[in-house]
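Nothing in this text is a laboratory measurement; each read-out follows from the coordinates by a stated rule. Since this is a predicted model, take the numbers as computed values, not measurements. Using ideal geometry, Cβ is built from the backbone for each residue, glycine included, and neighbour counts are taken over all protein chains shown.
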Amino acid sequence: MIPGRSISRFLYLLASILLAFQTYSVAARPILADTLYRRNPGTVTPQGPYRPEKTKKSEILYTRLDVQFDWVKQQVPASALLMFKPHFYPQNTLELDAKGFDIKAVSLMEADSTYGDLAPGELSAKVKGKLEYSYDKRKLVIRLGKTYTRKDTLFIKIDYTARPNDVPRGKTDDSATDKGLYFINADGMEEGKPRQIWTQGETEGSSCWFPTIDATNQKFTQDIYITVDSSLTTLSNGILVSQENVKKGQRTDHWKQSLPHAPYLTMMAVGEFAVEKDLMPNGLEVSYYVEPKYGKDAQAIFGRTPEMIGFFSNIFGVAYPWEKYAQIAVRDFVAGAMENTTATVHEEGVQNDTRSLVDGNSDAVIAHELAHHWFGDYVTCEEWGQLPLNESFANYAEYLWSEYNNGRYEADWGNLQEMKTYLAEAETKQVPMIRYFYKDRENMFDSHSYAKGGRILHMLRNYVGDEAYFASLKDYLKSHAFGTAEIDDLRMAFEKVSGQDLNWFFDQWFHRPGHPVINIRQEYAAAQGKVLLKIRQAQDTLATTVYRLPVKVDVWVGGKKNQYEVLVDKVSQTLEFPAAKKPDVVIFDAEAQLLGVVEHEKPRNEMQFQYLHADRFLHKYEALASLEGGMADTTVRNILVKAMTDPFWKFRQMAVSNFAEYEGANFAEIEKVIQERVRKDPHPQVRSEAIITLATFGDNNSDPVFREALSDSSYQVVSVAIEKYLMNQPSDANEIAAEFEDSPNDAIVTSVANYYAGLAQPERFDWFLQKMKQMKPTEKYNFLQVFGKYLIKSKQDIQRKSIPVLENLARENPSYFVRFGAFQALGLLTDIQGVTALRKDIRAKETEPKLKEMYSQFGDL
């Protein structure tokens, strides 16, 4: 899953917005190693209770669901037929998770292998008798009438109504927000929003709409019969077996999942969708469900999926194991995306018109959820504390696809963003990757499980080599196919293939918190002809460990490189390398694979050499970044001018940005180069950066460039150009604003809104509200900041009119970051009586854990 519940790469844009607001409680960090307890007694305690794999009293082998929908009450009248058996020990009860249901009846059924194909009305003929049960709105305990052994297979049927809006809260392990099944615009009163139903099972949401044993170590096959209005489309796991008109205006769709999967991966979606399909050479159907207005764009959005399936099948060594692969975009989704078996759900932001894709596609999230169909769906973590076995692999799959499709530099740029995301989280939260103790399973969905885990897998790949790495993945997947695994299963697969003991690697990276902080002091001993690297591991070695780090070091002397393999495994040690003269540069971790912080100060001339000669993205990036502010140095300036034409776009962008507010030598020539970047650079990020830089030069010579950029193929470039062009108050400003104010692109509308905000015209109030209502959640957050600017400049009657609008957004909007944006905007109006009290009430009644944490940073309002 790409979580909306944590910052792990939900959307890169959103991550950058929210990173500054994310916080975690700083408590004692859980450390499992006994030696660390002994070395640091009494200071380290587990966070929360011990979380073992759930004990298997019984196993659900098969589930059949017959569901209908009451849109008015937002309830689900349904029946569930479960085939199960005692796991090992004899049982006389079956305990099921069933949250907030109205239970109508529980029946023992005849043993029958045809239940998946029987019409709904035919099930009643198979009832053997009613069963007694107890139910506390969370657990349904069914008394089976006698004791059964593991040789017995039983069938029971439960008639019930699911009430997702009445899921119980407030007890240990209750989710604060999850409902499992969501009605979107159920009454049809929200203009412009489609009526939809969709489910979200991870972690334990499935038991909010059907009775099951809601644990990752249960696996079953299933049939789902969905009865809906004939005008609606349905999607579920597996293959659509049949569609039958059951009565006037209604249809029942039968979806069959013939391969076993975990309960949290069961899904349904209902609504009006355009469906586009691809067919793989092996006959596998690949389909894309989008809102009708995006039907023509579906191939542009998702069309690389078949190639991804082929790529992952080849590199993982296991062919895509399921019956089909579908992807669907829904409104108000509570997670970024979810890898339900054969049917991934995406939030609405994945839908963009084809032109928007010039600025970037959703390949990262598409690759992530697809990879879960091996790591997570095919082989499932046995308990949520083992979540990195799902999410770290899906995270690293993004790197693998980018490396294959876009090249290593693009993949390494993404790698760096992931590293930064983890390191930002690590400032206030350092926990083991594998957690046997935790308070809330939702806390597993953090940048440790995602970003840090992906970087650990990258190091493991680098250490054992590609051939052993992917052979080990193949062994792991095949050994645990359609089952579960824990971290030691992965370790043993790698040890089996590589022939190496890897306990040290898994212990320090998966079982210990933190990361290495490597401080390097470099000296040149001319008399001995040696360069010395004095290494110190500066992390808290009591809280984490002294790391064992096999790395390579590049020593450049006289323009030639020698590479050395070294092992850093002490708190302090000195590495010596031959050097006939003072090195041009020394690069620690030459393969740029280490997860951690490396502090190695180098003079500017060495960083200049490093940018010009290093071949790894990270080393070139760090060198170029270090040259910032060095424009007075002719050599630095010449390097930056050269970098503006670097083959890789990120370096061009960095170089261009360094000339912001430049007034030095060769200004005219440099300005001309930057203007050329606006007009001809192949990457929209560079073109946008060039416009931003030109706008800092303090003259109007670049205005024609801004005007030309208004017709750029990139929405992003156009939005930046509009903002910078209108900033200069040209004579045609109102004409340009009017031309773009109804753009289909939210970023462009936001740029126009920024201009209107400066004018603060009262008649624009309704325009702001109309545009904000139509926006996707990620852009609505940005728009709210501009709306706040408008309100600050407006008179108090306009400000007062905005208060109920902002209050409704802050209390009711499905997206927590939109609620936060509205809360921030209200904070600009605290001079108005009652607003401060209103904000306190909004904050007090918020239930979303992430948003509550963000509010906690404000202190007392």
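From the backbone phi of the range 750-765, what are the Karplus-calculated ³J(HN,Hα) couplings (6.51 cos²θ - 1.76 cosθ + 1.60, θ = phi - 60°) in whole Hz, Gly and Pro given as x?
Those phi angles translate into 5, 5, 5, 4, 4, 5, 5, 4, x, 7, 6, 7, x, 5, 8, 4 Hz.
Give the angle, between 0 and 90 degrees and rounded to the nearest 10, that separates the Cα long axis of helix 388-406 from the longest principal axis of the Cα atoms of the chain.
50
What distance in nm separates the two pseudo spin-label positions at Gln761 and Val141, each 7 Å out from Cα along the beta-carbon direction?
6.9
May I have the extent of the alpha carbons of the range 601-666 along their three principal axes, as whole Å values ordered from largest to smallest?
Projected onto its principal axes, the Cα set of the range 601-666 covers 32, 26, 14 Å.
For the chain, take the longest principal axis of its alpha carbons; what is the angle in degrees between that and the long axis of helix 634-643, to the nearest 10 within 0 to 90?
Long axis of 634-643 versus the principal axis of the chain: about 40 degrees.
Which entries in Lys139/Lys429; Lys99/Lys840; Lys57/Lys99; Lys157/Lys219 show an alpha-carbon gap greater than 24 Å?
Lys139/Lys429; Lys99/Lys840
Given R₀ = 22 Å, FRET efficiency for Thr541-His600 by Cβ-Cβ distance, to 0.05?
0.65
Quick one: putting +1 on the C-beta of Lys and Arg, -1 on the C-beta of Asp and Glu, what dipole do you get for the range 221-305 around its Cα centre, in Debye to the nearest 20?
80
Find, among the trypsin sites (Lys or Arg not before Pro) in the range 730-807, those assigned to loop by DSSP (not H, G, I, E, B) with at most 14 other beta-carbon atoms within 10 angstrom.
For trypsin sites (Lys or Arg not before Pro) across the range 730-807 that sit outside H, G, I, E and B with at most 14 neighbouring Cβ atoms in 10 Å, the list reads Lys795.
Treat the count of other C-beta atoms within 10 Å as a stand-in for reagent exposure and order Phe817, Phe505 from fewest to most.
Phe505, Phe817
Just in the range 218-249: which trypsin sites (Lys or Arg not before Pro) are loop by DSSP and have at most 13 other Cβ atoms within 10 Å?
Lys248
Check the straight Cα-Cα distances from Lys642 and name the lysines below 19 Å, setting aside those fewer than 8 residues away within the same chain.
Lys620, Lys650, Lys672, Lys680
On average over all directions, what projected area in square nanometres does the chain have, based on the convex hull of its Cα atoms?
39.7
Using only the alpha-carbon atoms of the range 763-861, report the extent along each of the three principal axes, biggest first, to the nearest angstrom.
Principal extents (largest minus smallest coordinate, Cα): 37, 31, 17 Å.
Just to confirm the filter: which GluC sites (Glu not before Pro) across the range 420-485 are DSSP coil and have at most 12 other Cβ within 10 angstrom of their Cβ?
Sites meeting the loop and neighbour criteria: Glu427.
Can you work out ³J(HN,Hα) from phi for every residue in the range 614-624, in order, using Karplus 6.51 cos²θ - 1.76 cosθ + 1.60 and θ = phi - 60°, giving whole Hz and x for Gly and Pro?
5, 10, 9, 4, 4, 5, 5, 4, 4, 5, 5
When averaged across all projection directions, what area in nm² does the alpha-carbon convex hull of the range 521-620 cover?
6.2
Can you tell me how much longer the chain between Asp102 and Asp488 gets when fully stretched, taken as 0.36 nm per residue apart minus their C-alpha distance, in nm with one decimal?
Here the segment from Asp102 to Asp488 would lengthen by 134.8 nm.
Which whole-number percentage describes the relative contact order of the chain, with Cα contacts under 8 Å and a sequence gap of 6 or more?
9
Mind sorting Phe470, Phe445 by how few other Cβ atoms lie within 10 Å of their own Cβ, fewest first?
Taking fewest neighbouring Cβ atoms as first place, the list is Phe470, Phe445.
Would you list Ser688, Ser856 from fewest to most Cβ contacts within 10 Å?
By the 10 Å Cβ count, ascending: Ser856, Ser688.
Lys293: which lysines have alpha carbons under 27 Å from its alpha carbon, excluding same-chain residues fewer than 8 sequence positions away?
Answer for Lys293, where 27 Å is the Cα cut-off: Lys193, Lys277, Lys324, Lys771, Lys773, Lys776, Lys780, listed by chain and number.
Once amide H atoms are built 1.01 Å from N in the peptide plane, which residues 5 or more positions from Tyr148, or in another chain, come under 5 Å H to H?
Gln91, Asn92
Please list, in chain and number order, the residues 5+ apart from Thr484 or on another chain whose amide H is under 5 Å from its amide H, with Hs placed from the backbone.
Sorted by chain and number, the residues that satisfy this are Thr380.
Residue-wise, which Karplus ³J(HN,Hα) couplings in Hz belong to the range 412-428, taking 6.51 cos²θ - 1.76 cosθ + 1.60, θ = phi - 60°, and x for glycine or proline?
5, 5, x, 4, 5, 4, 5, 4, 5, 4, 5, 4, 5, 5, 5, 5, 10
Once you put a point 7 Å from the Cα of Ala111 and another 7 Å from the Cα of Thr55, both along the Cβ direction, what distance in nm separates them?
A separation of 2.7 nm, rounded to one decimal place.
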